[in-house]
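Can you keep this structure in mind? I'll have questions shortly.
Readers should treat all values here as calculations from the given coordinates under stated rules, not as data from a laboratory. Please read all numbers here as calculations on a predicted model, not as lab measurements. As a convention, Cβ positions derive from the backbone with ideal geometry for all residues, glycine included, and neighbour counts pool all protein chains shown.
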Amino acid sequence: MPIVFVVDDDVSVRESLELLIAVGGWQARTFECAQKFLDAPRVQAPSCLLLDVVMPGLNGLELQQRVANERADMPIIFITGHGDVSISVQAMKAGAVEFLTKPLRAEVVTDAIASALDRSRVALDREEQMHALRDRYASVSKREREVMALVVAGLPNRQVASQLGISEITVKAHRGKVMQKMNAASLPELVIMSARLGIIDR
């Protein structure tokens, strides 16, 4: 189930948001300060963070920096009683998806949460695909990686063989193994995978 984290030092805000989140069909986890949120274990589920700006200890903008660095799959929705334009601009520039001012309207909050959770799902899917891609690349041998790098750079088998000091037949065998291990249906697909892995420039 998607999880909506709430970090706000106002207990009444936490309680009202917890109820609203439950009505929306999501799971709520609330925290009274940034540090308690940071101490909680990370979850592998679609999630977002409803975050107050002004709090004791780490404030909302400082926590946003930490989350952006460590939990890129968790979009942030700021909630504040202070409609400060400069703070909202700073938050949005740093990647916040919404900046809502109190008193909060239920429909606006639920729409913002739904949108943020959709973003989180996409980010988690991308992260999972990247993890699987790295796992496949880890199964490729050193020699196969050398062949792969030259092939995706556009060199024909003959030049790959000459550059590596092996036969063209051996290059074809390694190339076939690379395609199989990387689960690539075509050379263009292997090129795209290589770009995602940073083997070649995009």
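Can you give the extra length, in nm with one decimal, that the chain gains between GLU18 and ARG66 once fully stretched, where that is 0.36 nm per residue apart less the Cα-Cα distance?
Extra length available between GLU18 and ARG66 comes to 14.9 nm.
Next question. In deg cm²/dmol and to the nearest 500, what is the mean residue ellipticity at 222 nm of the chain if only DSSP H runs of at least 4 residues count, each as -39500 (n - 2.57), divided by the residue total?
About -18500 deg cm²/dmol.
Let me ask something additional. Regarding the chain, what are the three Cα extents along the principal axes, ordered largest first, in Å?
The Cα atoms of the chain stretch 73, 34, 28 Å along their principal axes.
Let me ask another. Over the range 120-202, consider all pairs of different Cα atoms and compute the Kirkwood hydrodynamic radius from their mean reciprocal separation; express it in Å, one decimal.
Across the range 120-202, the inverse of the average 1/r is 13.2 Å.
Alpha carbon centre of the range 168-194 versus the range 93-107: separation in Å?
Answer, in whole Å: 47.
Using packing as a proxy for protection, rank 99-111, 39-51 so that the peptide with the highest average count of other Cβ atoms within 10 Å comes first.
39-51, 99-111
Still on this structure: Farthest toward the dipole's positive end in the range 99-202, which of ALA173, MET148, ALA114, given Cβ charges of +1 (Lys, Arg) and -1 (Asp, Glu) about the Cα centre?
Highest projection toward the positive end goes to ALA173.
For a test of understanding, tell me how many lysine pairs in the chain have Cα atoms under 24 Å apart, given they are 8 or more places apart or on different chains.
Close lysine pairs found across the chain: 6.
Cα axis of helix 187-197 to longest principal axis of the chain: angle in degrees, 0 to 90, nearest 10?
50
Could you work out the relative contact order of the chain? I mean the mean sequence separation of Cα pairs under 8 Å and 6+ apart, divided by the number of residues, in percent. Can you show the working numbers first?
Details: 265 pairs, mean separation 30.7, N = 202.
It comes to 15 percent, rounded to a whole number.
Taking the chain as the reference, fit the longest principal axis to its C-alpha atoms, fit the long axis of helix 60-70 to the helix C-alpha atoms, and give the angle between the two in degrees, 0 to 90, nearest 10.
That works out to roughly 20 degrees.
Classify the range 1-111: rounded, prolate or oblate, from the alpha-carbon gyration tensor (a ≥ b ≥ c, eigenvalue square roots; a/c under 1.5 rounded; otherwise prolate if a/b is larger than b/c)? Mind dumping the intermediate values first?
On the way: a/c = 1.34, a/b = 1.08, b/c = 1.24.
Rounded, because the longest to shortest axis ratio a/c is under 1.5.
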